[in-house]
1. Please enumerate the residues belonging to segment 56-77 that are under 14 Å from Leu9 (Cα atoms) and either surrounded by 13 or more Cβ atoms within 10 Å (Cβ to Cβ) or β-branched (Val, Ile, Thr) (or both).
2. Identify all residues within segment 19-32 that are in a helix (DSSP H, G or I) and either touching a Phe, Trp or Tyr at 6+ places or on another chain (Cβ under 6 Å) or surrounded by 11 or more Cβ atoms within 10 Å (Cβ to Cβ) (or both); write none if there are none.
3. List every residue pair whose Cβ atoms lie under 8 Å apart, where the two residues are 6 or more positions apart in sequence or sit on different chains, the first residue falls within segment 81-97 and is surrounded by 10 or more Cβ atoms within 10 Å (Cβ to Cβ) and polar (S, T, N, Q), and the second residue, located anywhere, is in a helix (DSSP H, G or I) and at pLDDT 90 or above.
4. How many of the residues in segment 50-97 are closer than 29 Å to Ala40 by Cα, of a type in the set (A, V, I, L, M) and either touching a Pro at 6+ places or on another chain (Cβ under 8 Å) or part of a helix (DSSP H, G or I) (or both)?
5. I'm told Thr53 meets every condition in (1) hydroxyl-bearing (Ser, Thr, Tyr); (2) surrounded by 10 or more Cβ atoms within 10 Å (Cβ to Cβ); (3) free of Cβ contacts under 8 Å to residues at least 12 places away in the same chain except one. Can you identify the failing condition by its number?
Amino acid sequence: MSILYAGGLWTVFLVFGVSAGYNWALNGPKWMYRALLGAAVFVIVASQFLPETHLFNIRVTEGLNWWKWAILIAIPVFLYAKLVRWLKRKADARDDP
């Protein structure tokens, strides 16, 4: 069990990916993907209710902290790309006869 605890978010992602792969390979029902995703989210949220010294809680918190910063950096880049795309559409619309 200590190997599962040490993985944190990677363990959750791996279990979700393998389960989704089996569902796809065995032509499972489409609703199973949502059920698996719901179970993964439930495990991540439930891990935060573990004691603060629990290794799985620590690893998931570290992973969530990394994702928080990655998303925080990606948001301005995404908004800038949307602005450039919008300006390009406006400029192209002005050039059309």
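The values are calculated or read from the model by the stated rules, or taken from the named source; none is laboratory data. Just so it is clear, the structure is predicted and the values come from calculations on it, not from any experiment. Counting neighbours? That spans all protein chains shown, and the Cβs are built from the backbone with ideal geometry, glycine included.
1. Within segment 56-77, the subset under 14 Å from Leu9 (Cα atoms) is 56-68.
Correct list: Phe56, Asn57, Ile58, Arg59, Val60, Thr61, Gly63, Leu64.
2. Once the filter is applied, which keeps residues that are in a helix (DSSP H, G or I) and either touching a Phe, Trp or Tyr at 6+ places or on another chain (Cβ under 6 Å) or surrounded by 11 or more Cβ atoms within 10 Å (Cβ to Cβ) (or both), segment 19-32 yields Ser19, Ala20, Tyr22, Asn23, Trp24, Met32.
3. none
4. First pass over segment 50-97, keeping only residues closer than 29 Å to Ala40 by Cα: 50-79.
If we keep only those that are of a type in the set (A, V, I, L, M) as well, we get 50, 55, 58, 60, 64, 70-75, 77, 79.
Cutting the leftovers down to either touching a Pro at 6+ places or on another chain (Cβ under 8 Å) or part of a helix (DSSP H, G or I) (or both) gives us 55, 58, 60, 64, 70-75, 77, 79.
Residues in segment 50-97 being closer than 29 Å to Ala40 by Cα, of a type in the set (A, V, I, L, M) and either touching a Pro at 6+ places or on another chain (Cβ under 8 Å) or part of a helix (DSSP H, G or I) (or both): 12 in total.
5. Failed condition: (2).
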